[in-house]
Amino acid sequence: MNEPLNPPPEKPAGSRELSLCPCKSRETYAACCQPFHLGRAKPETALQLMRSRYSAYFFRFIDYLVSTTHPDTREPDLKTRLEETIHETNWRFLTIVTTSKGGADDKVGKVEFVAEYFESGQPHDLHERSRFKRYKGAWKYLDAKG
Ligand SMILES: [Zn+2]
């Protein structure tokens, strides 16, 4: 069922920092999404948040996914649902199609992307238009249209 496509969590410290970010930015993880995952920095743009959420799905950082979902659309059982389903999916690639607004001076933003993944050994594409909205100054994921 679960092929070891993602790095196991027991890998020695430091190995992730040197590897390329799973969000396919071509930056190292340490220079890209890791500071957001560790809470050392906040995404300045909706696109940065979107990429860091993709990477959080990749590494299965459920708490990050919950905390970056906007309170207006966050289902009370989101964490439980992620815990039940997140291991079924192995994320393979991310392509950003377009972005609109979502900049340092905006309050809302949209990111259209295609995320490729395997589920039960079968390849799938998720083509989604995600909406992002600030909450107390920080970018949050609001909702999506397929
Ligand atoms: Zn990244």
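Top mean-square fluctuation among Thr69, Thr95, Thr45, Gaussian network model of the chain, C-alpha springs under 10 Å?
In this elastic network of the chain, the residue with the biggest mean-square fluctuation among Thr69, Thr95, Thr45 is Thr95.
Once label points are set 7 Å from the Cα along Cα→Cβ at both Val66 and Ser19, what is their separation, rounded to one decimal in nm?
Roughly 2.5 nm, to one decimal.
Report the gain in length on full extension from Leu78 to Leu38: 0.36 nm times residue separation, minus Cα-Cα distance, nm rounded to one decimal.
Values: separation 40, 0.36 × 40 = 14.40 nm, distance 2.06 nm.
Answer, rounded to one decimal: 12.3 nm.
Taking only pairs that are 8 or more places apart or on different chains, how many Lys pairs in the range 21-130 have Cα atoms under 23 angstrom apart?
8
Applying 1/(1 + (r/R0)^6) with R0 = 30 Å to the Cβ-Cβ distance of Ala31 and Asp106, what FRET efficiency is obtained, to the nearest 0.05?
For R0 = 30 Å, the calculated efficiency reads 0.80.
Please identify the longest segment of the chain free of exposed GluC sites (Glu not before Pro), where exposed means a DSSP state other than H, G, I, E or B and no more than 16 other Cβ atoms within 10 Å.
Values: sites that count: Glu10, Glu27, Glu44.
In the chain, the maximal stretch lacking such sites is 45-146.
Which of Val97, Val66 comes first, and how do the rest follow, when ranked by fewest Cβ neighbours within 10 Å?
Least to most surrounded, the residues fall as Val97, Val66.
The numbers here are math on the coordinates, done by the rules we state, and not lab data. Just so we're clear, the structure is a prediction, and the values are computed from it rather than from any experiment. Positions of Cβ are backbone-derived with ideal geometry, glycine not excepted, and every protein chain shown enters the neighbour counts.
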